[in-house]
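Okay, here's the structure, questions in a sec.
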There are 2 protein chains.
Amino acid sequence: MGKSYLDLINELDKFPYYENNPAFYTTHLKNFHAFKVNGCDVVLGYILNSVVAKFQWPAEHWAIDSTDQTVTLTTPADATPEQRSQAVAETLEKEAKRGTFEVLKGWRNENYAVYAPGGKFLLDMERSATPLFGVVSYGVHGTCYVEDENGLRFWVPRRSKTKQTYPGMLDNSVAGGMSAGEQPFECFVREASEEASLPEDVVKANTKTVGCITYFYVRDSRAGGETDLLQPEVEYIYDVKLSADTIPKPCDTEVEEFNLYTIEETKQALANGEFKPNCAVVFIDFFIRHGILTPENEPDYMELVTRMHRRFEFPTASFAN
Amino acid sequence: MGKSYLDLINELDKFPYYENNPAFYTTHLKNFHAFKVNGCDVVLGYILNSVVAKFQWPAEHWAIDSTDQTVTLTTPADATPEQRSQAVAETLEKEAKRGTFEVLKGWRNENYAVYAPGGKFLLDMERSATPLFGVVSYGVHGTCYVEDENGLRFWVPRRSKTKQTYPGMLDNSVAGGMSAGEQPFECFVREASEEASLPEDVVKANTKTVGCITYFYVRDSRAGGETDLLQPEVEYIYDVKLSADTIPKPCDTEVEEFNLYTIEETKQALANGEFKPNCAVVFIDFFIRHGILTPENEPDYMELVTRMHRRFEFPTASFAN
């Protein structure tokens with residue numbers, strides 16, 4: 001008996017919901033400190049209490065309130081994003097040197113952005129540190145497919161066996177994280193070139209922006225580093241319809257090979273748990289938008305649709321301001 | 001300055017969110033009694049306290065707990081759906097005769113289904129009464145469109161000026177409520193014939209099931225009857241691509257006329273508030289799935305996507321069991 005689509009969503013959207021059990025939710029939140037920034041009166045992410053305890057929080061930048069369970073970056077309310085980012089970077093570099101956290105051993109030298117209400121850029125931080133703060137991260141995922149007399153087939157890459165995270169698992173045709181300062185489609189064009197060797201003009205001519213999926217991931221061992229860290233995520237979604245003679249090819253060392261999967265082969269690989277968790281859900285979204293999963297053939301239809309479009313309690317990005 | 005897409009969602013998905021303001025949410029819930037059914041330990045809907053007070057609840061079928069704020073149908077735990085439905089029907093028919101509630105003056109002689117966890121059919125009740133109990137209701141909405149050398153255009157009907165609800169407003173090409181016992185696509189085919197004169201074979205050949213939208217509506221005066229009644233709703237969504245020579249036509253008296261709207265004309269009518277609120281959101285969903293609204297051109301992109309896929313605290317239907 002393979003995994004159901006609901007099983008696959010449950011593996012990805014793992015943080016509890018208030019409405020399922022208010023008492024459990026409220027108790028569960030006590031495992032975390034709220035990450036806040038002076039001058040911005042909202043919670044930006046949840047930090048595990050065990051992480052708060054291990055961190056050395058330089059007193060010139062941070063205030064820890066163990067009663068309210070908050071960790072506040074105390075840069076002035078009118079600080080610039082650069083000033084806030086600098087304070088965070090100093091703190092993180094020290095922790096990386098101390099070797100406190102496994103996740104920081106995967107230091108990427110790439111910054112992810114954190115946003116204030118209204119989607120305003122607040123600060124950025126080293127990508128590998130974002131799960132320590134439980135802030136929302138952003139990425140792009142695209143499905144390259146061929147639809148002709150042979151039916152609908154998907155270009156499915158297998159991740160390199162030496163990749164730090166989810167080695168050897170199946171992936172979406174194009175997928176990657178959005179660095180601070182990047183726009184979603186710009187990021188998608190870059191990733192399509194880097195990971196699938198697809199030229200910019202081909203991508204621009206054949207890609208449709210079709211939505212986003214959002215989920216509240218809780219990291220397990222397959223993600224690498226500490227477990228139970230929080231990773232609320234937004235993935236902007238793209239459909240890329242290719243002619244049969246346009247063949248994605250590995251370009252960097254992250255992908256091993258691309259294969260063309262029929263719908264049935266894709267369903268089987270999903271049921272086998274062969275896909276990286278968020279890539280599985282990108283397929284569920286594709287299946288729903290393309291009428292492959294319907295209310296009549298999928299018992300958990302509505303739960304799938306709502307769980308993969310979770311509304312966060314944190315502010316999120318806006319790229320149209 | 002016209003309405004933004006976020007304004008249009010705000011008009012439809014109006015019930016507060018816990019995560020926006022836990023204290024406000026908790027206080028707000030005190031305005032309602034929870035609707036429950038003996039033998040099924042979940043909340044099925046919220047009934048306004050003022051509605052609870054006006055109802056005559058026959059003691060043989062109902063238990064009102066004013067401390068816990070619950071209204072419980074006390075049919076035996078092993079009652080059949082028919083027995084539960086019969087008890088509800090008796091209660092509602094008496095209220096309709098007494099003329100207690102404005103909404104029951106629009107008695108439809110059509111039953112809507114209420115579901116237990118797992119999507120199991122629990123009972124049905126007269127359609128016009130569902131907002132009194134705040135139970136989830138289900139419908140189908142479809143967008144008929146033409147896409148050719150003249151671009152993308154939508155078939156937009158105008159509701160009859162004599163219609164009970166939202167008279168004279170613009171609508172989706174095909175839209176209607178799902179009666180108890182109906183399957184979504186079956187309902188869609190029926191509505192397409194009844195409301196747009198589209199033959200079954202044309203609908204089946206040209207329609208793609210593309211998802212559902214869900215939102216927690218709070219009724220205002222345009223809905224008719226008492227205001228502030230709750231109406232959490234699920235609308236299964238269909239795209240119907242038609243050739244330019246297939247022309248939807250009014251068939252019953254509910255629709256006045258169909259006109260072909262360009263994307264720009266549709267956007268203008270949305271900004272003018274000319275569309276029935278849930279029909280406006282069906283267009284937002286279409287615009288997002290078809291790349292007309294993108295993260296780069298719509299500042300509230302993520303809020304739109306997540307708000308129109310709200311996860312309810314109530315059990316919902318499953319049609320694939």
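Would you say residue B:59 is under 18 Å from residue B:133 (Cα atoms), at pLDDT 95 or above and either outside any strand (DSSP E or B) or out of contact with any strand residue (DSSP E or B) (no Cβ under 6 Å at 6 or more places or on another chain) (or both)?
yes
Test residue A:284 against the criterion of being free of Cβ contacts under 8 Å to residues at least 24 places away in the same chain and either buried (at least 21 other Cβ atoms within 10 Å of the Cβ) or on the phi > 0 side of the Ramachandran plot (or both), and give yes or no.
no
Of the residues that make up segment B:238-249, is at least one buried (at least 18 other Cβ atoms within 10 Å of the Cβ), closer than 15 Å to residue B:13 by Cβ and in contact (Cβ under 8 Å) with a residue 60 or more places away in the chain?
So far as segment B:238-249 goes, no, none of its residues is buried (at least 18 other Cβ atoms within 10 Å of the Cβ), closer than 15 Å to residue B:13 by Cβ and in contact (Cβ under 8 Å) with a residue 60 or more places away in the chain.
Considering segment A:137-162 alone, what residues qualify as being over 14 Å from residue A:275 (Cα atoms) and surrounded by fewer than 17 Cβ atoms within 10 Å (Cβ to Cβ)?
If the condition is that a residue be over 14 Å from residue A:275 (Cα atoms) and surrounded by fewer than 17 Cβ atoms within 10 Å (Cβ to Cβ), then A:147, A:148, A:149, A:150, A:151, A:152, A:162 are the ones that fit.
Next up: Out of all the residues in segment B:155-165, is one or more under 17 Å from residue B:245 (Cβ atoms) and either assigned by TED's automatic domain parsing to the domain that holds residue B:195 or of a type in the set (Lys, Arg) (or both)?
yes
This table checks each residue for (1) out of contact with any Pro (no Cβ under 9 Å at 6 or more places or on another chain); (2) within 21 Å of residue B:122 (Cα to Cα); (3) in contact (Cβ under 8 Å) with a residue 40 or more places away in the chain.
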| position | (1), (2), (3) |
| --- | --- |
| B:8 | no, no, yes |
| B:12 | no, no, yes |
| B:19 | yes, no, no |
| B:23 | yes, no, no |
| B:34 | yes, yes, no |
| B:84 | yes, yes, yes |
| B:87 | no, yes, no |
| B:91 | no, yes, no |
| B:99 | yes, no, no |
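Follow-up question, since we're still on this one. Going through B:98, B:158, B:108 one at a time, which residue ends up being of a type outside the set (Ser, Thr, Tyr) and under 26 Å from residue B:315 (Cβ atoms)?
B:108 is the lone residue from the list that is of a type outside the set (Ser, Thr, Tyr) and under 26 Å from residue B:315 (Cβ atoms).
I'm trying to understand the selection: among the residues of segment A:69-82, which are open to solvent by 60 Å² or more (accessible area, probe 1.4 Å) and free of Cβ contacts under 8 Å to residues at least 12 places away in the same chain?
Of everything in segment A:69-82, just one residue is open to solvent by 60 Å² or more (accessible area, probe 1.4 Å) and free of Cβ contacts under 8 Å to residues at least 12 places away in the same chain, namely A:82.
Does segment A:61-70 contain at least one residue that is within 14 Å of chain B (Cβ to nearest Cβ) and among the acidic types (Asp, Glu)?
no
Within 14 Å of chain B (Cβ to nearest Cβ) and in contact with a strand residue (DSSP E or B) (Cβ under 8 Å, 6 or more places away or on another chain): does that describe residue A:211? Even if it seems obvious, please write down each step before you answer.
Values: within 14 Å of chain B (Cβ to nearest Cβ): yes; in contact with a strand residue (DSSP E or B) (Cβ under 8 Å, 6 or more places away or on another chain): yes.
In short, yes.
Show me the helices (runs of 4 or more DSSP H) found entirely inside segment B:226-321 where at least 2 residues are at pLDDT below 95 and within 14 Å of chain A (Cβ to nearest Cβ).
none
Okay, residues lined up against (1) crowded, with 20+ Cβ neighbours inside 10 Å; (2) assigned by TED's automatic domain parsing to the domain that holds residue B:170; (3) of a type in the set (S, T, N, Q):
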site: B:266; (1), (2), (3): yes, yes, yes
site: B:273; (1), (2), (3): no, yes, no
site: B:278; (1), (2), (3): yes, yes, yes
site: B:293; (1), (2), (3): yes, yes, no
site: B:297; (1), (2), (3): no, yes, yes
site: B:320; (1), (2), (3): no, no, no
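Looking only at residues in segment A:85-121 that are among the aromatic types (Phe, Trp, Tyr) and within 14 Å of another protein chain (Cβ to nearest Cβ), which one is surrounded by the most Cβ atoms within 10 Å (Cβ to Cβ)?
Going residue by residue through segment A:85-121, those that are among the aromatic types (Phe, Trp, Tyr) are A:101, A:107, A:112, A:115, A:121.
Still in the list and also within 14 Å of another protein chain (Cβ to nearest Cβ): A:115, A:121.
On the way: A:115: 20, A:121: 17.
The extreme case among them is A:115.
Would you say residue B:144 is more than 14 Å from every other protein chain (Cβ to nearest Cβ), in contact with a Ser or Thr (Cβ under 8 Å, 6 or more places away or on another chain) and either in contact (Cβ under 8 Å) with a residue 24 or more places away in the chain or in a strand (DSSP E or B) (or both)?
yes
Can I ask one more? Within segment A:30-61, take every residue that is over 22 Å from residue A:226 (Cβ atoms) and aliphatic (A, V, I, L, M) and give me the one that is surrounded by the most Cβ atoms within 10 Å (Cβ to Cβ).
Among residues in segment A:30-61 that are over 22 Å from residue A:226 (Cβ atoms) and aliphatic (A, V, I, L, M), the one surrounded by the most Cβ atoms within 10 Å (Cβ to Cβ) is A:37.
Which residues, taken from segment B:1-29, are within 14 Å of another protein chain (Cβ to nearest Cβ), open to solvent by 20 Å² or more (accessible area, probe 1.4 Å) and outside any helix (DSSP H, G or I)?
B:4, B:16, B:17, B:21
Hey, among the residues in segment A:188-208 that are assigned to a helix (DSSP H, G or I) and within 14 Å of chain B (Cβ to nearest Cβ), which one's surrounded by the most Cβ atoms within 10 Å (Cβ to Cβ)? Break it down stepwise before answering.
Within segment A:188-208, the first condition is being assigned to a helix (DSSP H, G or I), and the residues that meet it are A:188-196, A:200-206.
Pick out the ones that are also within 14 Å of chain B (Cβ to nearest Cβ) and you get A:188-189, A:203-206.
Details: A:188: 27, A:189: 22, A:203: 23, A:204: 12, A:205: 10, A:206: 17.
Per the criteria, the residue is A:188.
For segment A:167-187, which positions are among the hydroxyl-bearing types (Ser, Thr, Tyr) and open to solvent by 20 Å² or more (accessible area, probe 1.4 Å)?
Answer for segment A:167-187, where residues must be among the hydroxyl-bearing types (Ser, Thr, Tyr) and open to solvent by 20 Å² or more (accessible area, probe 1.4 Å): just A:179.
Conditions tested, residue by residue: (1) of a type in the set (A, V, I, L, M); (2) under 17 Å from residue A:141 (Cβ atoms); (3) more than 13 Å from the chain's Cα centre (by Cα).
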{"residue": "A:278", "(1), (2), (3)": "no, yes, no"}
{"residue": "A:287", "(1), (2), (3)": "no, yes, yes"}
{"residue": "A:290", "(1), (2), (3)": "no, yes, yes"}
{"residue": "A:295", "(1), (2), (3)": "no, no, yes"}
{"residue": "A:299", "(1), (2), (3)": "no, no, yes"}
{"residue": "A:304", "(1), (2), (3)": "yes, yes, yes"}
{"residue": "A:307", "(1), (2), (3)": "no, yes, yes"}
{"residue": "A:315", "(1), (2), (3)": "no, no, yes"}
{"residue": "A:318", "(1), (2), (3)": "no, no, yes"}
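Further, regarding this structure: Give the residues of segment A:299-313 that are in contact (Cβ under 8 Å) with a residue 24 or more places away in the chain and open to solvent by less than 10 Å² (accessible area, probe 1.4 Å), sorted by residue number.
Listed by number, the residues that qualify are A:304, A:308.
The values are calculated or read from the model by the stated rules, or taken from the named source; none is laboratory data. Only a predicted model underlies this, so the values are computations on that prediction, with no experimental measurement involved. FYI the Cβ positions are ideal-geometry reconstructions off the backbone, even for glycines, and counts take in every protein chain you see. When the accessible area is computed, the model is the full protein with side chains, heavy atoms only, and any ligands, DNA or RNA have been set aside. Shrake-Rupley method; radii C 1.70, N 1.55, O 1.52, S 1.80 Å.
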